[in-house]
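Trainee: For reference, the structure I am asking about is given below.
The values are calculated or read from the model by the stated rules, or taken from the named source; none is laboratory data. Just so we're clear, the structure is a prediction, and the values are computed from it rather than from any experiment. Positions of Cβ are generated from backbone atoms using ideal geometry, with glycine treated the same way; all protein chains shown enter the neighbour counts. Protein only, heavy atoms only, side chains kept; ligands, DNA and RNA dropped before computing areas. Shrake-Rupley method; radii C 1.70, N 1.55, O 1.52, S 1.80 Å.
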Amino acid sequence: TLLLLGLPLLFFPLMEFAQLFITKRFTDINDIISGYSGIAAGIFLGSRMLPKGLSLKPQLELLRTPLMIYAVFILFSGLRPFDWSLSSEVISKDLFAENLIPFYAYFRKTSLWNIYDLVNSLTFLLPISLYWTYQLRKAGSAFAPIYIRTVMVGFLLGLFIEFTQLLSVSRIAEITDVLAYA
């Protein structure tokens, strides 16, 4: 129990300290408070939602609700609906041919931030796709149709999110992110 509670208490301050060395990020006490609030909410909701008589042993069926919340997070963070503008200069900043060349931004300027961004994009849908694959395999589906469906859903979701980033003031729509989602 001490390890379960102690690691999150150390994780968020250490993460904010590490951001001192990243040029694109800044430390913020609100991130630490948000992390602690998320832990408290998770413990509270987890203890209330756990069916009677069920232990806290890993049960994959219990992941459905947190993964749906995670899916909403992916949409919200990808769409950034409060950052949209219909200004022609916002839309025109994304309309360059280089944005259609896969991985162009990573070769133009290589940095730890770009590597993090690429790994982050590649793993964004991993928890949901693993759970979905597990459920479909449990239902008797073969790997080939699961793979095709998963890649198509990721590709279409990536297209949708990147298309909406044409309206984003702070984000640039790129084909690399669409491919990473797929």
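Trainee: Return the pairs, sorted by first residue and then second, in which the second residue is of a type in the set (D, E, K, R) and open to solvent by 40 Å² or more (accessible area, probe 1.4 Å), the first residue lies in the stretch 164-182 and is under 13 Å from SER92 (Cα atoms) and assigned to a helix (DSSP H, G or I), the beta carbons are less than 6 Å apart, and the residues are 6+ apart or on different chains.
Mentor: GLN165/ARG171
Trainee: For the stretch 85-108, give me the residue count where each residue is surrounded by 12 or more Cβ atoms within 10 Å (Cβ to Cβ) and either touching a strand residue (DSSP E or B) at 6+ places or on another chain (Cβ under 6 Å) or among the charged types (D, E, K, R) (or both).
Mentor: Number satisfying all stated conditions: 2.
Trainee: Please go through the stretch 74-84 and give me each residue that is surrounded by 13 or more Cβ atoms within 10 Å (Cβ to Cβ) and within 15 Å of SER170 (Cβ to Cβ), ordered by number.
Mentor: If we filter the stretch 74-84 for residues that are surrounded by 13 or more Cβ atoms within 10 Å (Cβ to Cβ), which is where we start, we get 74-75, 78-80, 83-84.
Within the stretch 74-84, GLY78, LEU79, ARG80, ASP83, TRP84 meet the criteria.
Trainee: Right, next: Please give the number of the condition LEU4 fails out of (1) at pLDDT 65 or above; (2) of a type outside the set (Asp, Glu); (3) in a helix (DSSP H, G or I).
Mentor: With respect to (1) at pLDDT 65 or above; (2) of a type outside the set (Asp, Glu); (3) in a helix (DSSP H, G or I), LEU4 is out only on (1).
Trainee: Check PHE11, PHE44 and return the single one that is open to solvent by 70 Å² or more (accessible area, probe 1.4 Å), over 21 Å from the mean Cα position of the chain (by Cα) and modelled with pLDDT of 70 or more.
Mentor: Numbers: PHE11 fails: over 21 Å from the mean Cα position of the chain (by Cα).
When all the criteria are applied, what remains is PHE44.
Trainee: Give the residues of the stretch 72-117 that are hydroxyl-bearing (Ser, Thr, Tyr) and within 30 Å of PHE21 (Cα to Cα), sorted by residue number. Steps first, please.
Mentor: Here is the first cut: in the stretch 72-117, the ones hydroxyl-bearing (Ser, Thr, Tyr) are 77, 85, 87-88, 92, 104, 106, 110-111, 116.
Within the stretch 72-117, SER77, TYR104, TYR106, THR110, SER111, TYR116 qualify.
Trainee: Where the second residue is part of a helix (DSSP H, G or I) and the first is open to solvent by 60 Å² or more (accessible area, probe 1.4 Å) and lies in the stretch 110-130, which pairs have Cβ atoms under 8 Å and are six or more apart or on separate chains?
Mentor: Correct list of pairs: ILE115/TYR106; LEU122/ALA180.
Trainee: Which one is surrounded by the most Cβ atoms within 10 Å (Cβ to Cβ), of the residues in the stretch 133-167 that are of a type in the set (Lys, Arg) and over 16 Å from VAL178 (Cα atoms)? Let's see the steps before the verdict.
Mentor: Taking the stretch 133-167 and keeping what is of a type in the set (Lys, Arg), we get 137-138, 149.
This time we only want the ones that are over 16 Å from VAL178 (Cα atoms), so: 137-138.
Numbers: ARG137: 12, LYS138: 10.
Filtering the stretch 133-167 for residues that are of a type in the set (Lys, Arg) and over 16 Å from VAL178 (Cα atoms), the one surrounded by the most Cβ atoms within 10 Å (Cβ to Cβ) comes out as ARG137.
Trainee: Just the residues that are among the hydrophobic types (A, V, I, L, M, F, W, C), open to solvent by 60 Å² or more (accessible area, probe 1.4 Å), over 17 Å from ASP177 (Cβ atoms) and at pLDDT 75 or above, please, taken from the stretch 50-73.
Mentor: MET68, ILE69, VAL72
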